[in-house]
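Colleague: I'd like to ask some things about the structure below.
FYI, it's all coordinate maths here, none of it is from the lab. These numbers were taken from a predicted model, which means no experiment stands behind them. Virtual Cβ from ideal backbone geometry, glycine too; neighbours counted across all protein chains shown.
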Amino acid sequence: MSDFSADQAAVVRIERSEEGRWDLTLVSDSGVAIGHGVHLFDRSEDDGVDELAAAQQFVGGYGWRFEGDAVQQDGPDAFWAPLIRA
């Protein structure tokens, strides 16, 4: 069991792990992964927006949200965004 709680979340990381799959990770303010989700999609429907909507839904389950304009690119297939208490 983790010593961290969703109350310590700082960012969400959105990373393409393979074609048709985005990994969503809730990261604590100390840099530890404290929640994980997966967004699967059809490659033909990859529009660059679905993963952000999936990430919003994922972090919302923990009581967080993020602003779309705060999303930062962190490599060709990775993004992160600071979290705000919902």
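Colleague: Under the 0.36 nm per residue contour assumption, what length would be gained going from the current alpha-carbon distance of residue 57 and residue 8 to full extension?
Modeller: Length gained, residue 57 through residue 8: 15.8 nm.
Colleague: Test of understanding: what is the full-extension gain from residue 77 to residue 50, defined as 0.36 nm times their sequence separation minus their Cα-Cα distance?
Modeller: 8.4 nm
Colleague: For the stretch 30-86, which GluC sites (Glu not before Pro) pass both filters: DSSP loop (anything but H, G, I, E, B) and at most 15 other C-beta atoms within 10 Å?
Modeller: Of the GluC sites (Glu not before Pro), the ones in loops of the stretch 30-86 whose Cβ has at most 15 other Cβ atoms within 10 Å are 67.
Colleague: When you take every Cα atom in the chain, what is the radius of gyration, and what is Dmax, the widest Cα pair distance, in Å?
Modeller: Values for the chain (Cα only, Rg and Dmax): 12.4, 40 Å.
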